[in-house]
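Asks: Next up is a structure, given as structure tokens.
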Amino acid sequence: MSATPVVALVLLALIWGRSLPPVVVLLVGVVLIAAVLVAVHHAEVVALRVGEPLGSLILAVAVTVIEVGLILSLMASGGPGTATLARDTVFAAVMITLNGIVGLCLVVGALRHGVVSFNAEGSSGSLATVTALATLCLVLPTVTTSSPGSTFTGPQLAFAAIVSLALYAVYVFVQTVRHRDYFLPVGPDGITPEDAHEAPPSPRTALLSLALLVISLVAVVGLAKSASPAIEAGVRAAGAPLSVVGVAIALLVLLPETLAAVRAAGRNRLQTSFNLAMGSSLASIGLTIPAIAVATIWLPGPLVLGLVPTEMILLALSVMVGILTVVAGRATLLQGAVHLLIFASFLFIAVTP
């Protein structure tokens, strides 16, 4: 497993700046997925060393680094449809986390343990923060009148970026310092499960994993950029809208979060699953949007952030169902099925708008 990041980096050096035949694109896809899986492994090792809930944040930030790198590399190419790429990717990340990951974890946890428990205080606070950031960055641009289309003016974009960073910083402070207990796993009786206290790795192992994590992240971004022309060509050939590229990016970068969250749900640690899902959603908005806002100084073309009406309806539905799910601190198979149905609807609408 330690060799995978090195192999991915060597492959990146061999193909960088070259036109890739279909066989090589397939090889890049396989290595890319392997690098993402290895990245989650090393991120989890580092997370285990620092402990919860800070560990969940480490994985969320690692995923955000991949997301920002992919968006910027594709937008820098200046191809058609890149003006909405950041919006499509961030919105897809929100829908994947609030419905796909949460729903899958609830289903896995409920099938294995019946009724699953989590901290309503921490989960509801996370959901409220996601709702505020998503509305500010993805809904408001559609209804503001100072700039044409679903865009922000320069001052509006700067304000949204500052507020996003500030709110994300407050969330991190509350999760890791002020109300840390609200984000720790709980069992059916409100007691932290014994398996939540796993033995942390040695400092040397954690440092090695950190180095391999960085190499994996660099390789993932570079390989994805090299394969992006083939991805866009495939989307056009299938007759699907280019927004599907944003969905594909979000699905790829959130694969580590999904695997880690599902494993936690199988161990009856739904709060850890929720930390991973909500943390990824918050990082996707609170860190990605400010980074893209700064990059617009050098990037060509406008930055379209506002959602279309169909997407706003799906976002509102996700928030309402999410509130009903987290308010009780307990959930069953039914709640998981509802979230997965909303996620399936999002995927269907993305392909056939």
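The values are calculated or read from the model by the stated rules, or taken from the named source; none is laboratory data. Model, not experiment: these values are computed from the prediction. For neighbour counting, all protein chains shown are included, and Cβ atoms are generated from backbone atoms with ideal geometry for every residue, glycine included. Note: areas computed on protein heavy atoms with side chains; ligands, DNA, RNA excluded. Shrake-Rupley method; radii C 1.70, N 1.55, O 1.52, S 1.80 Å.
Asks: Label region 197-282 by shape, choosing from rounded, prolate and oblate, from the square roots a ≥ b ≥ c of the eigenvalues of the Cα gyration tensor; if a/c is under 1.5 it is rounded, and otherwise prolate applies when a/b is larger than b/c, oblate when it is not.
Replies: Numbers: a/c = 3.69, a/b = 1.60, b/c = 2.30.
Oblate is the answer for region 197-282, as a/c is 1.5 or above yet b/c matches or exceeds a/b.
Asks: Further, regarding this structure: Can you give the accessible area per residue of region 208-292, in Å², using a 1.4 Å probe?
Replies: 28
Asks: When you count, for each residue, the other Cβ atoms within 10 Å and take the mean per peptide, how do 4-10, 223-229 rank with the highest first?
Replies: 223-229, 4-10
Asks: Please list, in order along region 308-313, the HN-Hα scalar couplings obtained from phi with the Karplus expression 6.51 cos²θ - 1.76 cosθ + 1.60 (θ = phi - 60°), rounded to whole Hz, x for Gly and Pro.
Replies: With coefficients 6.51, -1.76 and 1.60, one gets 7, x, 4, 5, 5, 5 Hz.
Asks: While we're on this one: Taking amide H positions as placed 1.01 Å from N in the peptide plane, with prolines and chain starts having none, which residues 5 or more places from residue 287, or on another chain, fall under 5 Å of its amide H?
Replies: none
Asks: Once every DSSP H run of n ≥ 4 in the chain is given -39500 (n - 2.57) and the sum is divided by its residues, what mean residue ellipticity at 222 nm do you get, rounded to the nearest 500 deg cm²/dmol?
Replies: -23500 deg cm²/dmol
Asks: Let me ask something else about it. Tell me, in nm to one decimal, what length is gained between residue 238 and residue 211 on full extension, where the rule is 0.36 nm per residue of separation less the Cα-Cα distance? Mind dumping the intermediate values first?
Replies: Values: separation 27, 0.36 × 27 = 9.72 nm, distance 3.89 nm.
Taking 0.36 nm per residue and subtracting the Cα distance, the gain is 5.8 nm.
Asks: Can I ask one more? Could you check how much of the accessible area of the chain is carbon and sulfur, as a whole percent, using a 1.4 Å probe?
Replies: Answer for the chain: carbon and sulfur cover 73 percent of the accessible area.
Asks: Moving on. Kindly report the accessible area of region 106-166 per residue (heavy atoms of protein chains, probe 1.4 Å, no ligands, DNA or RNA), in Å².
Replies: 42
Asks: Let me ask something else about it. To the nearest 10 square angstrom, what accessible area does residue 121 show with a 1.4 Å probe?
Replies: 100
Asks: Could you point to the residue in 122, 147, 240 farthest towards the positive end of the chain's charge dipole, with +1 and -1 charges on the Cβ of Lys/Arg and Asp/Glu respectively?
Replies: 240
Asks: Could you size up the charge dipole of the chain around its Cα centre, putting +1 on the beta carbon of Lys and Arg and -1 on that of Asp and Glu, and report it in debye to the nearest 20? Mind dumping the intermediate values first?
Replies: Numbers: 13 positive and 13 negative charges, 68 e Å.
Using only the charged Cβ atoms, the result is roughly 320 debye.
Asks: Can I ask one more? Once the mean 1/r over all distinct Cα pairs of the chain is inverted, what Kirkwood radius in angstroms do you read off?
Replies: Across the chain, the inverse of the average 1/r is 20.5 Å.
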